Every structure is written in structure tokens, then in C-alpha cells.
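Report on one structure; see the data block that follows.
The values are calculated or read from the model by the stated rules, or taken from the named source; none is laboratory data. Small disclaimer: the values here were computed from a predicted structure and weren't measured. We place every Cβ from the backbone using ideal geometry, glycine too, and count neighbours over all the protein chains shown. These accessible areas exclude ligands, DNA and RNA; they are computed on the full protein's heavy atoms, side chains included. Shrake-Rupley method; radii C 1.70, N 1.55, O 1.52, S 1.80 Å.
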Amino acid sequence: MRTARTVSILLLGILIGCDGSSDAPSSNPSASSPTNRTPDAPTDVIASKGEFPDFVEVRWSAPPPPSETDRYAVFRAEGTDAPHDSTRFSKVWERGTDEPGYAGTMWRDSTVGHGIRYVYRVVGYNRKGRSPFSSPDSGWTNGVEPVDSTPGDFPLSLTITGGEYGDMSMDWSAAPDQIVKVYRSADDTTHWTLLAAAATPPFWDSAVEKGRVYWYALTATMDQGIESRRSDVFQRRIPPPGPQGVRSGEVSFNGCSVSWNPVAKASSYTLHADGIEFEMDSPDSLRWGKFGWMEPNSKHRIWVDALVEGQRTFPSDTITVRTLYAPISGLKVDLDTARRILLRWDTLQDAPPRMEATKYVVWASADSGWGTFASLDTLTSTEFADSLPDGLPDRWYRVTAFTSDGHPSAVGEPVRASTQGQSGLPNPPSRIEKDTSVHNGIGLRWNRVQGAKSYRLYRMSAWDLLDTWHWIGSPADTTFTDQTTFDWLGYFYAVSSVGDSGKESRKFHTYRVFVSLGSWEYQDIDLVATVDRGMVELTWHPTPSGLETDYLVSVAEGSASLQQVARTPPGITTWRDTTPHASGDTLTYNVDMVFKIDGVEYRSGARNYGINNNTVQIVVP
């Protein structure tokens, strides 16, 4: 009976040492040699703390003699409170000292995740049983020390917003006694950097690189010093750099051309000038754009951005362009009594006070009206006499003006002169103006020319600096209505006279921009909003512009600014707001029009081109 009781006690001791529920060593008081007792706990347990990117290295020392150990196991848990709860540890590795793969008192844990604190304990075994747990040590993969979850976790509501060009703002809601930390990762959340140890909303992150992706997360700490687990991770892509090398090309009195270096993978570009946008997405305009609506002698700030893989780039550097003065008017040619060519012209009309023209430059060409012109003379008066060389019957002239600050006027259309008379050419009309009584198109009228049997009308786009003169009609009278214009686009017009011989005079060209508002000048789209169970539906009349017009729908709640929420395709003149609204909410809706001409996108709301009743405000019943 004594022998049986002794065996039962020994078996019970072995079972208690192996079930993981006790940290106390199991020993036999009667045993005196190392092989007759369970091993002591391993010592000097050290876990790596961010030195390795994809694993945690755990090292330990064998228990000192007389303890003997022929097998080790590593147990692991998560969180700073894990050492106080042994039931949270689970075995993750075990190996005998004589088995393949045993590398001494060291093991690398490659089953870990990033951003998590792990706590390790090691136990030893021999044929008598298992040792107690070693002292714990924490470790983690590459990065700063992780923020851990605790039983006192509390939620944070985090939102991250960004402007069109990458402005980064973080906002959150937290209790007054919570201290919020902001973390950022630049490599897919494997390495977190503390941006602010005590942040307050809104928090701006300006230390970012263009074109990179960042991840953000927050933690909060209560008075007792417990730091929460990280919030949900938010990803934000910083826009790529904008176009480089933006420069102005041809500058006229009413606009300029702009070019820039290409941006890789750009699908379109948008030119910005004084709050007006022009989207360039046709194949022949990806690296240059044009403006043709500017006022003479005006300064304009111009910049460009691009659309790359669905994301708007940062804006380019801004350039400032000053347009030229309008060409001088009234350039006339006569022959004096000595049969010299006499030029006369009007003074510069649009110069500001104390900035009148101080000099004029006369240019001449013997090739043609659009040949190579050379400077002939510089003078301060508005007259010039020229004697043509022998054998040169004709010459073309232009005149430019310069103000006291050296700023020039644009070059006007050349006039043709000959000492042999005008070779049977009739005189051109001396003026052309808009007929304001015409509303359907652009009405034009000019003075009658003696001896003219008919007239020829020409038109050039004021929006396209590369456009040329196009013949549009040959009326016999001194009026003409151009009904082939696009609404609210500008045009230049020129008129010439045709004599009995069929010869055509030079063109008299007006540099006044005639704008065709057409039906839009009086257009009322009748925007109407109806409410059904908190849902708002908008309807409006289509625009009879003859263009494929999209519609931009914007909405604002209360006193907030309008925000674009939808773009409907051509022919769709209704839109339903599916966002439920509460009774008493004040809502403002706006509908603008957008269409493309020659690859350029125009938006009616940019300059309020006479569009009526495109805004409606309602209070939800």
C-alpha cells in the first residue's frame, strides 16, 4: 500500500506540471540528482524590438546547474496586460535539443503581424516534467513600439479629408480627458511614426511628398495612462507633382497661348486663369492651351494641372501674362502731291491715364500682306511718308504703338500701298459695328463704299489664337446676320468691298469682340424642385443651344457653400437627390451647363453668361 500511494503522488505531480495551469516548479523533495527533478525556468528571455522587418527573435538562457533541460517550448500572447494572465498564452514552438532544426536557445517567430506587441515566455522540459514559465518579455516587428489594446479601450471617430490638391486635414471626436496621438506610416502600415503626442483637431500634415501614399491612425490615452488600440487606418494618396515648364507663347491683345512639359500618364489638362477653367482633353491639345477672352493691357495669373490615373495633380507654377494693347485703328494710306505714300493712324485708344503712346514703329514688307515685316522707322507722330524704291510698285505696312513703360500694342492688319494707284482696287469700308437689334445670331452693319457692288464678310474665332479668317457671306447691302455662331463665344469680323471689275479691296478688320449670347442671353431654364417624403427631385428646361450639353448639379444645406454632386448627360433634364432630409432643412440647388467645343470644355457657371433661374432654394416640409 505504501508503494502504491507513492506512485500516485508522483503521477499527480507530473500532471500538474504539464497542464500549463501552474507556474510553480514541480519537484520531488526526495530526489537529490538533476535527472530526478523537473528543470528550473529558463532565464534571460529577450525578444527583439523592431530590429527585424518580418519576424521576432526570441533568445533565452538555459537554467543554471544542477538543472538539466533537453527540450524547450515558447509560449506567446498579445498585449501589455498579457503577463498578468497566463491563460492567454499559447504554445507557438517546441523543439528537443537533439532534434533537427534546433538552433540553440533561440527561435525566430515568423508567424507575427505588423504593429502588434507580442509577449513571450519560455519553458523547459526533461524526462521528469516541465519547468515553470520564464519571466516574460515583449517584442514586435520592424517599427516603433506598437500601441496595444487594453481592457479599457475606448472608441475614436476619425475622419480624414483632403482638398483637390492634397491638403491633408484630420478630424476626430474624443472625450475632453483623452490625449490623442497621431501616427503615420509610409510603407503599408509596417512602420509607424508618431507625428503628434498631444494633437487637437483639426490636425494638418504638411510634411508629405507628392505622389506618395500614407496611412494614418490615432490612439487615445486616459488619465490612468492606458493607451488605446489604434483607430481604423485611413489611407491617403498625395497627388503627383503638377506640370513643369509652364510658359506663355504668343501673346495678343485679347489672349495668349500657353504650353508646358508633358506629365506621365496624364489623360487631360486643365488651364486656370482668373477663376475660369478650360479642360483640354483632345489629342492635339494635351500640351498647350489658349485663352482668347482677355481684356487688352490686362494681367492674368495662369497655371495648369493634370489628371493622372483619375487623380488631380498639384498645380503648376503660376505665370503672369500681360496682354498687349489693342491694335491701333484708322490706319489709312494716301498719295501726296509728290506721289509719296502717306500713312495716317489714330492714337492708342485703350492706354490708361499718364500712359499714352510715346512712340510708333512702322513696319513694311514687299512680299505680301502676311510676309516678313521689317522695322522701317520709329517716330512720335501719327503720320509717316514713304518713297517707294524704283521697281517696287507695292508695299504693305503695319504700325505698332508703345507706351511710356515700353508695353506694345498688338500688330494690326496690314494695309497695301502703291505709287501706281490701287491697281483698280476699291476702298474698304471704314467701320463695322454690331447691330444690337438682332438677337438671333450676331448682326453686323458697316458704311457704304462708293463704287462697291458687293461686300465680303470674314470671321475669326476670338477664342482660338491659331484660327484664320473664314469667308461667311457676300451681301450686296451693308448689313449681315451671322447665324452660325455658338452661344456666348466671341468672334472677330472683317469686311471688304468688291468693285465692278470683281477685284476685292483689303479687309477692314474690327478688333472688337462680338459675343453671341444667342438664346442663352434670355434663357430661363425654369429650375423646379419638388419634395416627396424627404427626397428632392429637380427638373429644368433644356438649353436650345444646338450643342450636346451636360448639366452640373450642386447643392448646399443651410448657409454652406454649393458643392457639385452630380453631372447629367445630354438630354437628361431631371435629377433626384436620394439623400433623406429632415423637415425644416433649408436646401439650395444650382444647375449649370457644360459643353465642349474643339476639345475645350466650357462651363456656364464660370462667368454667369446670362443664364437665368438656374438656382432654387426650398425648405423641406
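Name the single residue that is farthest from the chain's Cα centre (by Cα) among those in region 432-462 being among the hydrophobic types (A, V, I, L, M, F, W, C) and in a strand (DSSP E or B). Talk me through it step by step, then tell me what you get.
Step one: filter region 432-462 for residues among the hydrophobic types (A, V, I, L, M, F, W, C), giving 432, 438, 442, 444, 446, 449, 452, 457, 460, 462.
Now restrict to residues that are in a strand (DSSP E or B): 432, 442, 444, 446, 457, 460.
On the way: I432: 44, I442: 38, L444: 43, W446: 48, L457: 43, M460: 33 Å.
Only one residue fits best here, namely W446.
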Filter region 473-511 for residues that are modelled with pLDDT under 85, surrounded by fewer than 17 Cβ atoms within 10 Å (Cβ to Cβ) and within 19 Å of T436 (Cβ to Cβ) and give the result. Q483
Region 304-316, residues that are surrounded by fewer than 17 Cβ atoms within 10 Å (Cβ to Cβ) and not in a loop (DSSP other than H, G, I, E, B): Q311
Region 235-262, subset more than 17 Å from the chain's Cα centre (by Cα) and open to solvent by 70 Å² or more (accessible area, probe 1.4 Å), residue farthest from R212 (Cα to Cα): E250
Could you list, in sequence order, the residues of region 377-398 that are at pLDDT 80 or above and either more than 21 Å from G330 (Cβ to Cβ) or open to solvent by 70 Å² or more (accessible area, probe 1.4 Å) (or both)? T378, T380, E383
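Within region 177-200, which residues are assigned to a loop (DSSP other than H, G, I, E, B) and open to solvent by less than 60 Å² (accessible area, probe 1.4 Å)? Let's see the steps before the verdict.
From region 177-200, those assigned to a loop (DSSP other than H, G, I, E, B) are 177-178, 186-191, 200; that's our starting set.
Listed by number, the residues that qualify are Q178, A186, T189, T190.
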Restricting region 46-69 to residues that are of a type in the set (D, E, K, R) and modelled with pLDDT of 90 or more, the residue that is least open to solvent (accessible area, probe 1.4 Å): E57
For a quick check of your reading: which strands (runs of 3 or more DSSP E) sit entirely within region 526-587 and have at least 2 residues that are at pLDDT 85 or above, open to solvent by 60 Å² or more (accessible area, probe 1.4 Å) and more than 30 Å from G441 (Cα to Cα)? 563-568
Enumerate the pairs (first residue in region 444-472 and closer than 21 Å to S259 by Cβ; second residue anywhere and modelled with pLDDT under 85 and acidic (D, E)) with beta-carbon separation below 7 Å, excluding pairs fewer than 6 apart on the same chain, so at least 6 apart or on different chains. S461/D467; L465/E250
Output for region 309-339, where each listed residue is modelled with pLDDT under 85 and either aliphatic (A, V, I, L, M) or closer than 18 Å to R247 by Cβ (or both): A326, I328, L331, V333, L335, A338
Answer yes or no as to whether R301 is at pLDDT 85 or above and either in a strand (DSSP E or B) or surrounded by fewer than 21 Cβ atoms within 10 Å (Cβ to Cβ) (or both). yes
Select from region 434-443 the residues that are open to solvent by 30 Å² or more (accessible area, probe 1.4 Å) and free of Cβ contacts under 8 Å to residues at least 40 places away in the same chain and write down the one among them that is nearest to F492 (Cα to Cα). T436
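Take the residues in region 163-174 that are modelled with pLDDT under 70 and at negative phi, then tell me which one is most open to solvent (accessible area, probe 1.4 Å). Steps first, answer last, please.
Going residue by residue through region 163-174, those that are modelled with pLDDT under 70 are 163-168.
Remaining after also requiring at negative phi: 163-165, 167-168.
Numbers: G163: 31, E164: 112, Y165: 44, D167: 91, M168: 2 Å².
The qualifying residue most open to solvent (accessible area, probe 1.4 Å) is E164.
Let's see how each residue does on (1) over 30 Å from N297 (Cβ atoms); (2) at pLDDT below 85:
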position: A199; (1), (2): yes, yes
position: F203; (1), (2): yes, yes
position: A217; (1), (2): yes, yes
position: Q235; (1), (2): yes, yes
position: G242; (1), (2): no, no
position: F253; (1), (2): no, yes
position: W260; (1), (2): no, no
Subset of region 88-121 that is assigned to a strand (DSSP E or B) and of a type in the set (A, V, I, L, M, F, W, C) - its residue that is least open to solvent (accessible area, probe 1.4 Å): V119
